[in-house]
Amino acid sequence: MTRTLFALALAAASLSAQAAATKITVFKTSFDNGIPAQIAPGTAATEGVQGYAGLAYGKRVFGGQMLRSATGNVVTLTLTDLPAHRHLGIDFLFAAIDSLDGTGTFPSGDFLNVEVDGVSVFRESFANATESQVQSYQPSKPGFVLARRVDLGFSQGTYYLDSAYWLGGEPRLKRIAHTASSAVITFRIEGEGIQDLNDESWGMDALKVVVW
């Protein structure tokens, strides 16, 4: 009897561990049907992906519409009633649009900052305008760079080149310690170098959040 109970306890523990390790998608959008209610976009709006169309990492593909935001604007994703979990993962395609200035002295910096419940989990600068600018973001794998300093639409001109990345594979975003039943995730490009939408901006597509 004791052995039977012990075996049952082990089996239950094993099933519980397997359940905990199974990733559950708690949010997903391509923005093709507008902005989901869980997102407070600030001044951001959906817009056609233009030359980003077809850029992809695996099944994650730029297409149709993406959410495009001016620098300095905060996009907030609020999730509630999350299942029991120990980790959270944020998966998205990132569009660095036009003259983002990286880490510099003038203009002085354009940093993508992703926060979870008020804590920054990813903060790196992105640079498109000139080859001499310093970009602090260095992909953990080369394949995460989908395009680098090419014209993918939007503003035209020497300084208005664009880049594309899959950021969902970055360890800092892929596995975030989290146990709360709700999560507030914010995205923004910050820094003294922020400028208006016609000069520089950013976008996201194929946004997904998982917990496990």
### Query
Could you count how many residues in segment 52-77 are at negative phi, of a type outside the set (A, V, I, L, M) and surrounded by fewer than 17 Cβ atoms within 10 Å (Cβ to Cβ)?
2
### Task
Identify all residues within segment 27-39 that are part of a loop (DSSP other than H, G, I, E, B) and of a type in the set (A, V, I, L, M); write none if there are none.
ILE35, ALA37
### Task
Would you check which residues across segment 57-106 are over 23 Å from GLY143 (Cβ atoms) and basic (Lys, Arg) and list them?
ARG68, ARG86
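For segment 72-105, what are the residues that are of a type in the set (Gly, Ala, Ser) and without any contact (Cβ under 8 Å) to a residue 40 or more places away in the chain?
Scanning segment 72-105 gives a single hit, GLY102.
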## Note on the structure
Scanning segment 80-103 for residues that are modelled with pLDDT of 95 or more, surrounded by fewer than 24 Cβ atoms within 10 Å (Cβ to Cβ) and over 18 Å from ASP205 (Cα atoms) gives THR80, ASP81, LEU82, PRO83, ALA84, HIS85, ARG86, HIS87
### Task
Look through PHE111, PHE122 and report the one residue that is touching an Asp or Glu at 6+ places or on another chain (Cβ under 6 Å), within 20 Å of SER69 (Cβ to Cβ) and not aliphatic (A, V, I, L, M).
PHE111
### Query
Which members of segment 122-157 meet the condition of being touching a residue at least 12 places away in the same chain (Cβ under 8 Å) and among the small types (Gly, Ala, Ser)?
SER125, ALA127, ALA129, SER136, SER140, GLY143, ALA147, GLY153, SER155
## Note on the structure
(1) crowded, with 18+ Cβ neighbours inside 10 Å; (2) of a type outside the set (Val, Ile, Thr); (3) within 21 Å of ILE35 (Cβ to Cβ) all hold for GLY109 apart from (3)
### Query
In segment 105-127, what residues are under 24 Å from LEU146 (Cα atoms), not hydrophobic (A, V, I, L, M, F, W, C) and not in a strand (DSSP E or B)?
GLY109, ASP110
### Query
Considering only residues of segment 122-158 that are at pLDDT below 95 and out of contact with any strand residue (DSSP E or B) (no Cβ under 8 Å at 6 or more places or on another chain), which is nearest to ARG60 (Cα to Cα)?
GLN156
### Query
Among the residues of segment 164-172, is any in contact (Cβ under 8 Å) with a residue 12 or more places away in the chain, farther than 26 Å from ALA21 by Cβ and of a type outside the set (A, V, I, L, M, F, W, C)?
yes
### Query
Out of curiosity, is VAL119 touching a residue at least 24 places away in the same chain (Cβ under 8 Å) and under 22 Å from THR76 (Cβ atoms)?
no
### Task
Please give the number of the condition ALA40 fails out of (1) within 22 Å of TYR165 (Cβ to Cβ); (2) surrounded by fewer than 16 Cβ atoms within 10 Å (Cβ to Cβ); (3) within 16 Å of the chain's Cα centre (by Cα).
(1)
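The values are calculated or read from the model by the stated rules, or taken from the named source; none is laboratory data. Computed from a predicted structure; not experimentally measured. Positions of Cβ are backbone-derived with ideal geometry, glycine not excepted, and every protein chain shown enters the neighbour counts.
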